[in-house]
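This is the structure I have questions about; it appears just below.
Values in this text are rule-based calculations from the coordinates and carry no lab data. Predicted model only: the values in this text are computed from it and were never measured. Cβ: placed from backbone, ideal geometry, glycine included. Neighbour counts: every protein chain shown.
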Amino acid sequence: MTPNQIQSIINQTKKPLAYLEGYTWFYGRKFTVTPDVLIPRPETEDIINLAKTLVGISSERIISPVKKSDLPSSENLSERSELFSELDVKKTFLHTRANDDSEEIPDKRPLQILDLGTGSGAIAIILALELKNAEITAADISEKALEIAKINARNHQQMHMHFALSDLCKGLQNQQFDLIAANLPYVDETWPWLDKAALSYEPAQALYAKDHGLQIIKKFLSETPHHLTKNAHILLEADPSQHNQIIAHAKKHHLRHVQTRNYILHFTCQDTLPAQPTKQSLPRPSKS
């Protein structure tokens, strides 16, 4: 098919180019996509950026030894506030592994990461490629989506990853994770800015949710605390217009909002983390 023929089809049908070509690019890498999976969006790349910041650059191990003497005393609140204003999220993550019972945190076990709602597997595969000392599980409710994710994992030599057919956390049994990345359905069909003609080619199950787009996210937040290790983190994508409601709902399940980066919400189950300032959100894309 020539470029002119492809453009003609796009103009007439609004069918996404990625589906016509059978692939798209995400975080600088090529991924197979079909109408069985969503096309990965640029705003989702912030999940990768935040995850890398939490665990350090890709050549570092997940946990470095941290001495309690390196942490600010609980009595000196101004010292604590000043420190956290200077630390990046990576150091925040490392410091939250400290506890009152040990002088060091020598934990160098592989970081357990879950990509929930993996679709094409793009998030899981990029995390596997970028992070050393991490075990990745890619989970989705759709068998067809998992087939595409496995194709992409094979193409990127990442077949050591784990794949799970799961309706949110139901199929994960008693597994626990240090980091959960979740790009779940959050689109509200009543949003006036939606390009429904373009979105009609993508799997509705992966796009839309009831309760103003929040039904599945709320269910996820209620289930996920049982699958988190101590001081674990969640990176969750949602439309900025939904963030305040999600933060309030997460609080009911003992999940603390740490920061927001554009479309991505960062939560932890550690109650003592100081909240980071919210960064200005990007203009809302149409998910098309």
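What ³J(HN,Hα) values, in whole Hz, does the Karplus curve 6.51 cos²θ - 1.76 cosθ + 1.60 give for the range 209-222 when θ = phi - 60°, with x put for Gly and Pro?
9, 6, 6, 6, x, 10, 4, 6, 5, 4, 5, 4, 5, 6
Taking 7 Å along the Cα-to-C-beta vector as the label spot, tell me the Y201-S222 distance in nanometres, rounded to one decimal.
Distance between label points: 3.7 nm.
What does the charge count around A138 come to, taking other residues whose C-beta lies under 12 Å from its C-beta (Lys +1, Arg +1, Asp -1, Glu -1)? All intermediate terms of the calculation are to be shown ahead of the outcome.
Details: positive: K150; negative: D115, E135, D140, E147.
So the environment of A138 carries a net charge of -3.
Oh, and also: Long-range amide H contacts for L114: which residues qualify at under 5 Å (H placed 1.01 Å from N, peptide plane, sequence gap of 5 or more or a different chain)?
For L114, whose amide H was placed from the backbone, the distant partners under 5 Å are T137, L179, I180, A181.
Excluding H249 itself, calculate the net charge of residues whose Cβ lies under 12 Å from the Cβ of H249, where each Lys or Arg counts +1 and each Asp or Glu counts -1. All intermediate terms of the calculation are to be shown ahead of the outcome.
Values: positive: K218, K219, K251, K252; negative: D211.
Charge balance in the 12 Å sphere: +3.
Now for a separate question. Within 13 Å, Cβ to Cβ, of G171, how many net charges do the neighbouring residues add up to if Lys/Arg are +1 and Asp/Glu are -1? If you can, show how the numbers build up before the last one.
Working: positive: K170; negative: D140, E143, D167, E223.
Here the count lands on -3.
Hey, if you drop one equal point scatterer on each alpha-carbon of the range 120-224 and run the Debye formula without solvent, what base-10 log of I(q)/I(0) do you get at q = 0.15, 0.17, 0.25 Å⁻¹?
Once normalised to I(0) and log-transformed, intensities are -0.71, -0.88, -1.38.
7 Å from Cα along Cα→Cβ at both T229 and H212: what's the point-to-point distance in nm?
3.6 nm
Amide H to amide H, which residues 5 or more places from L184 or on other chains are under 5 Å from it, using H placed in the peptide plane?
E237
How far, in nm, would the chain grow between E21 and Q175 when pulled straight, counting 0.36 nm per residue and subtracting the alpha carbon separation?
Here the segment from E21 to Q175 would lengthen by 51.7 nm.
Going through the cross-link list K170/K196; K52/K144; K52/K132; K210/K230; K218/K252, which pairs have a Cα-Cα distance over 21 Å in this structure? List each step's numbers first, then the result.
On the way: K170/K196 31 Å; K52/K144 29 Å; K52/K132 10 Å; K210/K230 31 Å; K218/K252 10 Å.
Table pairs above 21 Å Cα-Cα are K170/K196; K52/K144; K210/K230.
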